[in-house]
Amino acid sequence: HDDLTADVVFFLHFARQAGGRVLEVGCGSGRVLLPLAEAGVDITGVDSSPAMLARARAKLGDRVLLVDGDMRTVTLPERYALIIISINTFMHLLTTTDQLDALVNLARHQAPGGRLIIDLPAGDELFHQDPDARFTLEQTLLDPMTNHSVMKLVASRIDWAKQCQDITYVYDEIMEDGDVRRTVVPMVLRYVFRYELTLLLEKAGYHLQALYSDYDLSRYGDGGPRMIAVAQLHAEHQVER
């Protein structure tokens, strides 16, 4: 997602409104974290991938606290005015139990009056998937570390009963001698729909404040590609820690 910057502007807008500490859950290699830190945001990152965190540390140094942890169970010493779950990260939670465990745990880390933002694809994206699970060339990349060309192919299949998308990414790296080194990455994502998300948030103690269809703050339902929820924790659900 290196070429995606619109969500960074979106999150920076809400971080400045929050006026306090920010937590990004599933921060990965720091695509969102780095520009927010450079803009002066007091931000912490959590991710369950040590390899991704190592890449983030190489970019960020000691400017940002990075924590190896699972959003369902991680315990942090601070509370946050804004918690961000950026592009599609919430979809890695594959059961309702996992989703609710994560939201309840994040509520424990929310400062009074704080907000939670979850960025998901619009529900109708499911209907635009190729039902035949054929591989298509999504993009051709240049690996900056090796200067090798990398062809990225993707195939996916929808399990409607489970609301899951089984995805296989294939990365073909073209070596100097013309040989191809192939890396296969399987992945499962679970789709969440509007009222399902609203109910999950309510059960975790949040109130849905706004729902957007894109990073320009377009109202959800206008046909945009995203479903971005902005929720606030009810005061009575503020947990003492």
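The values are calculated or read from the model by the stated rules, or taken from the named source; none is laboratory data. The structure displayed is predicted, hence computed values, not measured ones. Positions of Cβ are generated from backbone atoms using ideal geometry, with glycine treated the same way; all protein chains shown enter the neighbour counts. Accessible surface is based on the protein model in full, side chains and every heavy atom, while ligands, DNA and RNA are left aside. Shrake-Rupley method; radii C 1.70, N 1.55, O 1.52, S 1.80 Å.
Looking only at residues in segment 1-42 that are among the charged types (D, E, K, R) and part of a loop (DSSP other than H, G, I, E, B), which one is least open to solvent (accessible area, probe 1.4 Å)? So, considering only residues that are among the charged types (D, E, K, R) and part of a loop (DSSP other than H, G, I, E, B), the one least open to solvent (accessible area, probe 1.4 Å) is ARG31. Residues considered: VAL64, VAL170. Of these, the only one that is closer than 30 Å to ALA39 by Cα and of a type in the set (A, V, I, L, M, F, W, C) is VAL64. Taking (1) more than 21 Å from LEU189 (Cα to Cα); (2) in contact with a Cys (Cβ under 7 Å, 6 or more places away or on another chain) in turn, ALA15 satisfies each apart from (2).
Residues of segment 58-91 that are part of a helix (DSSP H, G or I) and crowded, with 16+ Cβ neighbours inside 10 Å: LEU60, THR89, PHE90, MET91.
Sub-7 Å Cβ pairs linking a first residue in segment 45-58 that is in contact (Cβ under 8 Å) with a residue 12 or more places away in the chain to a second residue that is polar (S, T, N, Q) and open to solvent by less than 70 Å² (accessible area, probe 1.4 Å), at least 6 apart or interchain, are MET52/SER29; ARG55/SER29; ALA56/SER29, ordered by first then second residue. Of GLU138, GLU176, GLU125, all but one fail to be among the acidic types (Asp, Glu), within 17 Å of the chain's Cα centre (by Cα) and modelled with pLDDT under 95; the exception is GLU125.
Residues that are assigned to a strand (DSSP E or B) and either touching a helix residue (DSSP H, G or I) at 6+ places or on another chain (Cβ under 8 Å) or open to solvent by 70 Å² or more (accessible area, probe 1.4 Å) (or both) within segment 167-182 comprise VAL180, ARG181, ARG182, listed in sequence order.
Any residue that is in a strand (DSSP E or B), open to solvent by less than 50 Å² (accessible area, probe 1.4 Å), farther than 19 Å from THR89 by Cα and modelled with pLDDT of 95 or more - is there at least one of those in segment 184-192? Taking every residue of segment 184-192 in turn, none turns out to be in a strand (DSSP E or B), open to solvent by less than 50 Å² (accessible area, probe 1.4 Å), farther than 19 Å from THR89 by Cα and modelled with pLDDT of 95 or more.
Look at (1) farther than 22 Å from THR5 by Cβ; (2) in contact (Cβ under 8 Å) with a residue 60 or more places away in the chain and you find that PHE90 fails only one, number (1).
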